[in-house]
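What follows draws every value from the coordinates through simple rules; no lab data is involved. Since the structure is predicted, the reported quantities are computational estimates derived from the model, not experimental observations. Every residue, glycine as well, gets a Cβ built from its backbone with ideal geometry; the counts of neighbours run over all protein chains shown.
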Amino acid sequence: MEVELSVKYMIVLGIRPDIINLHPIVKEMERRNCNYTIVHTGQHYSYFFDKLFFEQLNFPKPDYHLKVGSGTQAQQLASMVERFEKVLVKEKPDLVFSFSDANPALSGIVASKMGIKVAHLEAGMRSYDWRMPEEKNRRLMDSISDYLFTPTSGTKQNLLDEGIAPHKIFQVGKLIMDVLHNFRSQIDNNDIMDRLGVEKKEYFLVTAHRPENVGIRAPLRNILESLDELYKIYGKKVIFPIHPRTRASIKSFRLRVSDGIELMDPLGFLEFSKLEKNAFCCVTDSGTVQEDSCIFRVPCVTMRISTERSETVQVGSNIVAGLNKKYIIEAVRIMVNKRTNWKNPYGKPECAKKTMDVLEKHKKEILSPKTWWDSPKIKKSYSISSYVNKWKNPLMPDNTFG
Ligand code: UD1
Ligand code: UDP
């Protein structure tokens, strides 16, 4: 009689968007009665970045907490690697899930070095902006992962062009589609707009947290001045749930926040999503907000000089405006005056199901010893500029902080 072996999965999360995006994977695993363990690296720990999301999404309590906390890139990485290895030695999972591009994703490298298979969710996204720690994380994770789950045909092509073996790549769509679908009634029914006293399309929604934007005085000053200008031009409130790094920078750089800008602590997922869905325009440097606004058909202006979400620019839901006030204002003018009938590039809300279907199909392979001969081989030469042209704003000169 053949014994039915089950795969031992391990899910690693550590920051706000991990909790949000991995929720459908956990639910799908529960539905299939999978054997899984959750590890929290502890990179995000404040109530409004962490526990609030576990509560709102009814996310299961992690089995392990690595308490990595805040610090330099090297400190966060070093603590995570050392502590995560101990968990792997104890639990001996067959496959580790690593999500997207933040530091918790690098846990996959520890697993890979121990011969444990790694699934990278949201593989293939590229900004080619090497200032960002996330771009380094993306490239590292994609080159060592065994199963690469890509959201779109463009992200799949990025991997193929980098020589990743095609049999390791699976195009499954976006987890955030599942999340927004699963929580749509809770999003629609919460009372955040009443509490803030705002009406549909009568406010801007803003987030900014990237160190390359808010950790330096000039770009942060430009962001605040642009928001003030938007308030004056459109007479609409600027709702700005603010990241603690940004709040600290405003204080230490002694920058003025004008009256039309409403700063508040970061919001819960349900409240923030409702505000996104009803905003006049989202102005952001977030990755996920570019996707959410595209899905909600709300115009988006990205205050960065690059994006890894080039599909949003290609379908017309987003402009990468840079950090110069003139270009931010102009990008908002273009976006709020255009039709919002763009095509959603992220497929149907079935990403978690498709992902788990693939893994189930590869169960035997996951339970077998790792093969070593499918590392990336660069098959064709490719030009970075052809990728950058997918999202580059022709109005915006390179590297401008104005
Ligand atoms: C991290 C991710 C980024 C992601 C973002 C999501 C990396 C390299 N960056 O950036 O990709 O977009 O999360 O929100 O992994 N802090 C608190 N409370 C917390 C956590 C942080 O007050 O719970 C403060 C600390 O002062 C800390 C700073 O925020 O130094 C930055 O936190 P960190 O996790 O290092 O980076 P994020 O900007 O949040
Ligand atoms: N978000 C939230 N509350 C906020 C701001 C953002 O719940 O105050 C959610 C938002 O809906 C999105 C995710 O957090 O799903 C985006 O996270 P963030 O911008 O921090 O990270 P990124 O996507 O840039 O990695």
Listed by chain and number, the aspartates and glutamates with an alpha carbon less than 12 angstrom from that of Lys201, same-chain partners under 8 positions apart left out, are Glu276
Residue by residue through the range 304-321, the couplings from Karplus 6.51 cos²θ - 1.76 cosθ + 1.60 with θ = phi - 60°, in Hz, x for Gly and Pro, are 8, 9, 7, 8, 9, 9, 5, 4, 5, 5, 5, 7, x, 8, 8, 10, 8, 9
Calculated from DSSP helices alone, with each H run of at least 4 adding -39500 (n - 2.57) and the total divided by the residues of the chain, [θ]222 nm to the nearest 500 comes to -12500 deg cm²/dmol
Zone reached by a paramagnetic label modelled 7 Å from Lys200 Cα along Cα→Cβ, restricted to the range 279-305 with backbone N below 11 Å, covers 279
Computed on Cα atoms, the radius of gyration and Dmax of the chain in angstrom are 20.9, 75
Treating only Lys and Arg (+1) and Asp and Glu (-1) as charged, each at its beta carbon, one finds that the chain has a dipole about its Cα centre, in Debye to the nearest 20, of 640 debye
Given 113-123, 128-138, the highest-first ranking by average Cβ count within 10 Å works out to 113-123, 128-138
Full extension between Ala165 and Lys348 adds, at 0.36 nm per residue less the Cα distance, a length in nm of 63.3 nm
Length gained, Asn182-Arg32, 0.36 nm per residue minus C-alpha separation, equals 52.3 nm
The long-range amide H neighbours of Thr41, using H built 1.01 Å from N in the peptide plane and a cut-off of under 5 Å, are Leu13, Gly14, Leu66
Of the listed links Lys326/Lys348; Lys67/Lys364; Lys338/Lys390, those spanning more than 26 angstrom between alpha carbons are Lys326/Lys348; Lys67/Lys364
Note: probe point = Cα of Val358 + 7 Å toward Cβ; backbone nitrogen < 18 Å; residues of the range 12-39 passing the test are 12, 21-29
Packing-ranked peptide list from 330-336, 246-252, highest mean Cβ count within 10 angstrom first, is 330-336, 246-252
XL table Lys90/Lys353; Lys136/Lys168; Lys117/Lys274; Cα-Cα > 27 Å flagged, in table order, is Lys90/Lys353; Lys117/Lys274
Scoring only Lys, Arg, Asp and Glu (+1, +1, -1, -1) among other residues with Cβ under 14 Å from the Cβ of Gly124 yields -1
Of the DSSP H helices in the chain, the ones reaching 24 Å or more along their long axis in Cα terms and averaging at least -0.5 in Kyte-Doolittle hydropathy are 73-91, 217-234
